[in-house]
Amino acid sequence: MSGKKTNIRTVDLVLVAMFAALMAIGANITSFLVIGSVPITMQTLFAILAGALLGSRLGSLAIIVYLLVGLVGFPVFSQFSGGLRTLVSPTFGFLLSFILVAFITGLIIEKSKKKVLPTFIISCFVGLIINYVVGTHYMYFAFQFLTGIEAVSYQVVWAWMVAPAVKDVVLTIFAAILSSRIYHTVNRRRGKVSNHAA
């Protein structure tokens, strides 16, 4: 029995590390594309998948690990940046929001009795909304109070998010479909669901 518990812990640690690495990869796949001050990344997809597949606790832990690795100086943030200077970046709110994205996405699925596609669609889109609301508001206030660029209006900041939103809506639909199909396989390997789970 103790061997099984060790195995589950090992699998969980591997998955946490894997999603932390995917966040770093997703930060830089397309981050050379910048609209306004917003790099176009794949991080929202991986943050949502972390919550959907690993659950609220481990999903958010994967994001926290990723953030800590970046803040200590490793170049894992967009455009291969890192370090404490990221704390005053206008886009740091998006990074912070990923913790909440993974946690809430995972929590909705955990609390749902039926792990079916509509549940995953709802949870993934709630995660996306959290990402945009937290990240965009942080960006606006950062421009007003941290960077001194007060000329950037609230409307302009939201306008910058239109192009990334189109990409993220498509990726969120993909995340919902993918996670609904592999959820039980992933969690059976973690010992979290039975073979006859619906």
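Rule-based calculations on the coordinates, nothing more; no lab input. Please read these numbers as outputs of a predicted model, since none were measured by experiment. Cβ: placed from backbone, ideal geometry, glycine included. Neighbour counts: every protein chain shown.
Worth a mention:
- Structure remark: mean-square fluctuation, Gaussian network model of the chain, C-alpha springs under 10 Å; the largest value among LEU84, LEU71, LEU100 belongs to LEU84.
- Taking θ as phi - 60° and the Karplus parameters 6.51, -1.76 and 1.60, the scalar couplings of the range 78-91 work out to 4, 6, 6, 9, x, x, 5, 4, 4, 4, 9, 6, x, 8 Hz in sequence order, x denoting glycine and proline.
- Cβ-based exposure ranking for PHE145, PHE98, in which fewest neighbours within 10 Å come first: PHE145, PHE98
- If only the Cβ of Lys and Arg carry +1 and only the Cβ of Asp and Glu carry -1, the dipole of the chain around its Cα centre is close to 1100 debye.
- Cross-link pairs exceeding 21 Å between alpha carbons, from the set LYS111/LYS192; LYS113/LYS192; LYS114/LYS167: LYS114/LYS167.
- Multiplying the residue separation of THR185 and ILE173 by 0.36 nm and removing their Cα-Cα distance gives an extension gain of 2.4 nm.
- The range 2-189: relative contact order as a whole-number percent, Cα under 8 Å and 6+ apart: 23 percent
- When the chain is treated as a GNM with alpha-carbon contacts under 10 Å, the residue of ALA62, ALA102, ALA21 showing the greatest mean-square fluctuation is ALA21.
- Reciprocal mean inverse distance between Cα atoms of the range 85-198 - Kirkwood radius, Å: 15.7 Å
- A straight line joining the Cα centroids of the range 39-64 and the range 103-120 runs 14 Å.
- Extension gain, SER112 to ARG57: 0.36 nm times the residue separation minus the Cα-Cα distance gives 18.2 nm.
- Computing Cα extents along the principal axes in Å for the structure here picks out one of (i) 60, 35, 25; (ii) 89, 36, 31; (iii) 53, 47, 26, namely (i).
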